[in-house]
Amino acid sequence: MSPVRHPISGRALSFVLDDELRILRGQLEASPGRLGRTLVKVGPLRATLVGLSAGGALRPHKADGPITIHVLEGAIELEAEATSWTLPAGTLFALDGGIVHAVTSPQGGVFLLTMSAGMAAGMAAGMDPGSRASDDAAAAEPRP
């Protein structure tokens, strides 16, 4: 993690993502591979900018609670439960807690990772029983 020079917890926080992205890009150029900048750490909520250089990766791991990944630049590939998704810039992807997943980025990418710590199976438990992912036009389709 790179040092963040502003508060990451408090009753109200505000960030200019363009500024945070510029800092992250500069630090990633100086130290290629992967880099994370925690922006928010309040109670169970975490928001972290993650940058991967071309060829960068996050080995298989899992989060206790549900996560979202909002790809801001480039593209990443996410693998979970024997399925792969290619997530280009502009994609928002959600994954329930407790699922082992890995991330790679052949060309490089930056994403905003948001998670709720300690809330495993949160999305599944909170899903409206009448809803079906196939009805949602924004549902992520796995890569063949």
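Coordinate-derived values only; no laboratory data. The shown structure was predicted, so the numbers you read here are calculated from the model rather than taken from an experiment. Positions of Cβ are generated from backbone atoms using ideal geometry, with glycine treated the same way; all protein chains shown enter the neighbour counts.
Scanning region 47-73 for residues that are surrounded by fewer than 19 Cβ atoms within 10 Å (Cβ to Cβ) and over 16 Å from Arg37 (Cβ atoms) yields Ala54, Gly55, Ala57, Arg59, Pro60, His61, Lys62, Asp64, Thr68.
Among the residues of region 48-61, is there at least one that is over 12 Å from the mean Cα position of the chain (by Cα) and without any contact (Cβ under 8 Å) to a residue 40 or more places away in the chain? No, region 48-61 contains no residue that is over 12 Å from the mean Cα position of the chain (by Cα) and without any contact (Cβ under 8 Å) to a residue 40 or more places away in the chain.
When restricted to residues that are over 20 Å from Thr104 (Cα atoms) and touching a Leu at 6+ places or on another chain (Cβ under 6 Å), region 3-38 contains 2.
Within region 74-110, restricting attention to residues that are free of Cβ contacts under 8 Å to residues at least 60 places away in the same chain and touching a helix residue (DSSP H, G or I) at 6+ places or on another chain (Cβ under 7 Å), the residue that is nearest to Gly26 (Cα to Cα) is Ala94. Residues in region 104-119 that are part of a strand (DSSP E or B) and over 16 Å from Arg46 (Cβ atoms): Thr104, Ser105, Gly109, Val110. Scanning region 74-115 for residues being buried (at least 16 other Cβ atoms within 10 Å of the Cβ) and within 21 Å of Glu20 (Cβ to Cβ) gives a total of 16.
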